[in-house]
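What follows is one structure encoded as structure tokens, with my remarks underneath.
Please treat every number below as a calculation from the coordinates, not as lab data. Owing to the predicted nature of the structure, the values given are computational and were not obtained by experimental measurement. Cβ coordinates were reconstructed from backbone atoms using ideal geometry, including for glycine residues, and neighbour counts include every protein chain displayed.
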Amino acid sequence: MIIVDGVQMGADENYEHLVNRVFFKSIDLLGGLKKLAEFRTLTWLPSLARAAFAVVLREEYLRTEDEIAQIVGLTRNTVRNILRADPNMAIYKVEHFDELAEEEKKELKVHTAGGIAKLAYKMVKEGNDAQTLLEFCRGMSEETAALCDIPWAYAILKKIRGVKYPLNSPEDIADRVAGVKIKGRDAAEVVREIAYPVKSPAALLKEIGEYVKSQEG
């Protein structure tokens, strides 16, 4: 067992990775860092981070309110308010930002942070990660492909820059990758043979690689 702030966590509970994904998606739902900077609401980020921790620990690992409070450094009542928050109300407040009281504009309320984090968690679990995070993954995948000397992988990643994930069908990328050769075949044909949805650039390369390998036998 691993001890985190006095609370036992299973050895397989790498919860911070999922928390990061939920946090980035929460920022995405709020319009991105640029939008937060425009509204002078970067002070919302700590509240979003705590809410992301609370939601992940509850939904993914079934931690109690007391355990979450101890891990995240919040009161039990604050944790309870985060977990009971209404995502629909949170989104409504974000969409009607100009109508909020000045105090709430400056500081993200617990209910709003919790609602945003709950919605972000649901979307991440459905494979809908933040575009910022996916672009970072795409960049890392591109660098890896170049280092591993896989010409088709590098070419495909360059062709699909800016594509929104998850990819739900080959039509999302077929036209973009047309002309790239993969083992003598056009990439537009190959992407029609792989399984969908595809959740990230790395997953796309993996699906194509496995398909190509299956055809070699």
Task: In Å, descending, principal axis extents of the Cα set of segment 2-125 - done: 44, 26, 22
Task: Rounded to whole Hz, the Karplus (6.51, -1.76, 1.60) HN-Hα couplings of segment 76-90, x for glycine and proline - done: 4, 5, 5, 4, 4, 5, 4, 6, 9, 5, 9, x, 5, 5, 4
Open item on the list: Could you give each residue of segment 39-48 its phi-based ³J(HN,Hα) in whole Hz, using Karplus coefficients 6.51, -1.76, 1.60 with θ = phi - 60°, and x for Gly or Pro?
Closed with: 8, 6, 10, 5, 5, 6, 4, x, 5, 5
- [ ] Provide the per-residue ³J(HN,Hα) series for segment 20-28, in order, calculated from phi with Karplus coefficients 6.51, -1.76, 1.60 and θ = phi - 60°, each as a whole number of Hz, with x at glycine and proline positions.
- [x] 4, 5, 5, 4, 5, 5, 4, 4, 4
Task: Relative contact order [Cα under 8 Å, 6+ residues apart], segment 2-125, whole percent - done: 34
Task: Cross-link table 93/125; 122/181; 159/213; 93/159; 34/181; 34/199, entries beyond 31 Å C-alpha to C-alpha - done: 122/181; 93/159; 34/181
Task: Label-to-label distance, nm, for residues given as residue 16 and residue 216 (7 Å Cα→Cβ offset) - done: 3.7
Open item on the list: Give me the extension gain from residue 161 to residue 178: residue separation times 0.36 nm, minus the current Cα-Cα distance, reported in nm with one decimal.
Closed with: 4.7 nm
- [ ] First measure r as the distance between the Cβ atoms of residue 97 and residue 122, then evaluate 1/(1 + (r/R0)^6) with R0 = 25 Å and state the FRET efficiency to the nearest 0.05.
- [x] 0.70
Open item on the list: Suppose each label sits 7 Å from its Cα in the direction of the beta carbon; what would the residue 33-residue 185 distance come out to in nanometres?
Closed with: 4.0
